[in-house]
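The values are calculated or read from the model by the stated rules, or taken from the named source; none is laboratory data. All values derive from a computational prediction rather than experimental measurement. For neighbour counting, all protein chains shown are included, and Cβ atoms are generated from backbone atoms with ideal geometry for every residue, glycine included. These area figures cover heavy atoms from the full protein model, side chains too; ligands, DNA and RNA do not enter into them. Shrake-Rupley method; radii C 1.70, N 1.55, O 1.52, S 1.80 Å.
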Amino acid sequence: MKNTSILIVMYHYVRNLSNSRYPGIKGLSVNHFYQQIEYFKSKFNFISAEQLIHAINGTRTLPLNPLLLTFDDGYIDHYTNVFPILHRENIPAFFSMPGKILAEHKLLDVNKIHFILASTSLYKLLNMIYERLDYYRGTEYNIPSNEELYKKLAVASRFDCAEVIFIKRLLQVELEEKLRNRIVDDLFSNCIPLKEKSFAEELYMNFEHVALMKREGMCFGIHGYDHYWMNRLTPEELAKDIQLALATLSGIVNSKEWICCYPYGSYSDDVIAYIKQQGAVAGFTTVVDLADLNRYDRYMLPRFDTNDFPPISQQYLEFYNSGL
C-alpha cells in the first residue's frame, strides 16, 4: 500500500461488556479488542502519532501498510483494558480526552446520554423527553414542536437508528445549552441509580493514569475542554475551550506541536484556522476513509471505526483496496 495512505482507527469504550453494569453501552469487548490487535499485527505496521506528524511534514517516510490507533474521551477502559495490551505488544497509540474530566472530575453530558440510552428502552426514553419538551415549551424557551424536531434530527447513522440519533442530536446540540443540561440532568437522575460524582470517578482516567501512559510512550492530544461541537461555538467560546484544554493538559500535550481530535468530528474553516494558530499540526475527524496525505488536508484526517474491522466486520476493505 502507498506510504501516503494511513489507516487511522477510532475507539471509545473497550470493556467487558457482558459482565458490566451497563451491557447496553456501545463499545468493543476486551476479547474483541485483543483479537483485533492480533489481526492488525498480521496485516499492518503500527505507527505512532509522532511518525504521522513527521510524514505530514515530509521529514520521514512511513512503513508499508501503516496503521494508527486512536482512543477518544479518556475512559478508564483505556488505562485498565487497552494500555496493558498495547504496552505488552509495544504498540504506540494516540489518546485524547476533554480537559474538564481531568480538571473538574465532572460527568460530561455526552456520557450521561450514552448511559441513559444504555439503561432505558427507547420507547420510554422518547416519552420522557417529549414530556419534558412539552413542559418547557412556551415558558422561557422557544422550542419547535416534537414532530418538527423529530423530522429534522432523526436520521439514522452507520451505527445508530433514527430514534437514537434524534435523542443524541437533540440533547447534544439542538436545544439551547441551559435547557439541554436541565433535561439531561433530570433524565440521568431518573435513569441511573448512582451519584454523578461517583459515576465520573469510575468512568474516566485521572492525571496519574495519563502521566504513566505518557511516560511509557503513549501520545496525547486535545479533545476540547467541554466536549462541545466546535463548529457551533463562537470565536470567543472556541478560544476559551481550546485554551482551557491546553492549560489542563500542560506537560502532557506538547503545546507547540499537537493534534486536535474534534469532538463529534465537528470542525469548520474557522476552527482549523484557530487551532493552527495555537500550535495544532493535524486534526482527526470522524469521516470514514483512508487518510491519504496527498488527498486530505492535515487538519481533516479521516478515521475508521473499530467496528469496521475483524472480528466485527471487514467494511474497511472497501476503502482499503481502492487505495492500493
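Some notes on this structure:
- The range 1-51: proportion of alpha-carbon pairs further apart than 16 angstrom, %: 53
- Estimated distance in nm for a label pair at residue 130 and residue 35, the labels positioned 7 Å out from Cα along Cα-to-Cβ: 3.9
- Above-threshold pairs, the threshold being 25 Å between Cα atoms, out of 152/195; 124/178; 124/151; 100/178: 152/195
- Gyration tensor verdict on the range 41-101 (Cα atoms; rounded if a/c is under 1.5, prolate if a/b is larger than b/c, oblate otherwise): oblate
- Net charge of the neighbourhood of residue 223, taken over other residues with C-beta under 11 Å away and scored Lys/Arg +1, Asp/Glu -1, is -3.
- What separates the Cα centres of the range 192-245 and the range 20-48 is a distance of 22 Å.
- Computed Kirkwood radius, in angstrom, where 1/r is averaged over Cα pairs of the range 240-321: 14.1
- Cα centroid separation - the range 271-324 against the range 61-90, whole Å: 16
- Note on the range 69-110: Rg/Rh from C-alpha atoms, Kirkwood Rh, equals 1.03.
- Under 15 Å, Cβ to Cβ, from residue 255 - net charge with Lys/Arg +1 and Asp/Glu -1: +2
- An ellipsoid equivalent to the range 154-312, defined through the eigenvalues of its Cα gyration tensor, has semi-axes of 26, 22, 19 Å when rounded to whole angstrom and sorted largest first.
- Here the range 44-157 is treated as a Stokes sphere of Kirkwood radius computed over C-alpha pairs; at 37 °C and 0.692 mPa s its diffusion coefficient rounds to 177 µm²/s.
- Total formal charge among the other residues, if their Cβ is under 13 angstrom from that of residue 84, Lys/Arg +1 and Asp/Glu -1: -2
- Taking every alpha-carbon pair in the chain and binning the separations at 20 Å intervals from zero gives 31, 59, 10, 0 percent.
- Only helical runs count toward this figure. For the chain, summing -39,500 (n - 2.57) over DSSP H runs of n ≥ 4 and dividing by all residues gives -12500 deg cm²/dmol at 222 nm.
- Mean separation of Cα contacts under 8 Å, 6 or more apart, over the residue count of the chain: relative contact order %: 23
- Accessible area in square angstrom per residue, the chain, 1.4 angstrom probe: 45
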